[in-house]
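Participant: Handing you a structure now.
The values are calculated or read from the model by the stated rules, or taken from the named source; none is laboratory data. Fair warning: this is a prediction, and the values are worked out from it, not measured in the lab. Every residue, glycine as well, gets a Cβ built from its backbone with ideal geometry; the counts of neighbours run over all protein chains shown.
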Amino acid sequence: PQQNEEEGEATEEVNQKTEQPLVAGDWSVTKSQFTRLRNNPSRENVGRALKSYVGKSSGGGRAIAKSAINGRAVAGKLSGFLSVVSKEGVREAIDKLNISRYQGESVEYVLSRIIDELSPQDGTNESAIASEAMVETMKELYELLDEYGGGLESLDNLSENELKEIMGSYISNYVFTRWTHELGAKIEEKDVSLRKIEIMENRCKEYIKSKVNIYLEKNEVNSLSSSDLGKNMTEIFTNVYLLFEDIE
């Protein structure tokens, strides 16, 4: 068995050196890249690992975006919610989600109800990924609200650009969560310190978020109130994943 493992590692090295094309679903190089990333979470290694995951293991940016059914659906719902916040205020946005009896409740409680209303419930792995991404996004929103005083009404004080950044956060969290979930099923756990994992995860999230935000800015996704984000979510997800597929 040990000889087989050594042969497998040698094969991975040959594939990387000669840059031979791999068929979709081949995880050998992606696993090798992730091991390097875990040991040295530099921006270069983050980019290489993402490129390998999207382009070599998942069939390309278009394929993975097409399969992100719940991810796109949740992003569209979040876009609609933020659009109402932008135009009519947070109370009206919550009312339109049919969340009742929230008056006097904590911000944590209301955000948890928003998560329930926006998240899918079909029991699939992709549904779980989309839901987890929403939870992470609401955690970030909670921290942002805390900077503005902590109350739910602080949402009304956010600029449209800040609301758009929340959308960018959700897309980034979905990309990161799906990547780590799918890769986690393919790799063996090794003795890595929790601190090392935390550093790697933070740098991966920062890298993904920076790419997503640059895309949203460059491609004039300017207005939540116009509902452009909700209508064009398939295109947005596709182009975001293509960014990672085309990393130099």
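Participant: Show me the helices (runs of 4 or more DSSP H) found entirely inside segment 1-114 where at least 1 residues are over 20 Å from L158 (Cα atoms), touching a Phe, Trp or Tyr at 6+ places or on another chain (Cβ under 6 Å) and at pLDDT 90 or above.
Facilitator: On the way: elements: 2-18, 28-39, 43-52, 61-67, 69-88, 90-96.
So the answer is 43-52, 61-67, 69-88.
Participant: I would also like to ask the following. Could you check how many residues of segment 221-243 are within 18 Å of A93 (Cβ to Cβ) and either under 18 Å from the mean Cα position of the chain (by Cα) or at pLDDT 90 or above (or both)?
Facilitator: 2
Participant: Additional query: Starting from segment 109-132, keep only residues that are under 17 Å from W179 (Cβ atoms), then list their pairs with residues that are among the basic types (K, R) whose Cβ atoms are within a distance under 7 Å, requiring at least 6 positions of separation or different chains.
Facilitator: I129/R178
Participant: Here's another thing I want to ask about it. Would you say D122 is surrounded by fewer than 14 Cβ atoms within 10 Å (Cβ to Cβ), assigned to a loop (DSSP other than H, G, I, E, B) and modelled with pLDDT under 90?
Facilitator: Numbers: surrounded by fewer than 14 Cβ atoms within 10 Å (Cβ to Cβ): yes; assigned to a loop (DSSP other than H, G, I, E, B): yes; modelled with pLDDT under 90: yes.
Yes; evaluated as a whole, the condition is true for this residue.
Participant: Name the residue, out of E165, E132, that is among the acidic types (D, E) and either closer than 25 Å to Q33 by Cβ or in contact with a Gly (Cβ under 6 Å, 6 or more places away or on another chain) (or both).
Facilitator: After ruling out the rest, the residue left standing is E132.
Participant: Considering only residues of segment 143-152 that are surrounded by 14 or more Cβ atoms within 10 Å (Cβ to Cβ) and in contact (Cβ under 8 Å) with a residue 24 or more places away in the chain, which is farthest from Y170 (Cα to Cα)?
Facilitator: Here the residue is L152.
Participant: Still on this model: May I ask you to verify whether L97 is out of contact with any strand residue (DSSP E or B) (no Cβ under 9 Å at 6 or more places or on another chain) and over 18 Å from T177 (Cα atoms)? Before the answer, list the steps.
Facilitator: Details: out of contact with any strand residue (DSSP E or B) (no Cβ under 9 Å at 6 or more places or on another chain): yes; over 18 Å from T177 (Cα atoms): yes.
When the stated conditions are applied, L97 passes them.
So that you can scan it fast, the table gives a plain yes or no per residue for (1) at pLDDT 90 or above; (2) more than 18 Å from I64 (Cβ to Cβ); (3) not hydrophobic (A, V, I, L, M, F, W, C):
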site: V135; (1), (2), (3): yes, yes, no
site: L158; (1), (2), (3): no, yes, no
site: I166; (1), (2), (3): yes, yes, no
site: G184; (1), (2), (3): no, no, yes
site: L194; (1), (2), (3): no, yes, no
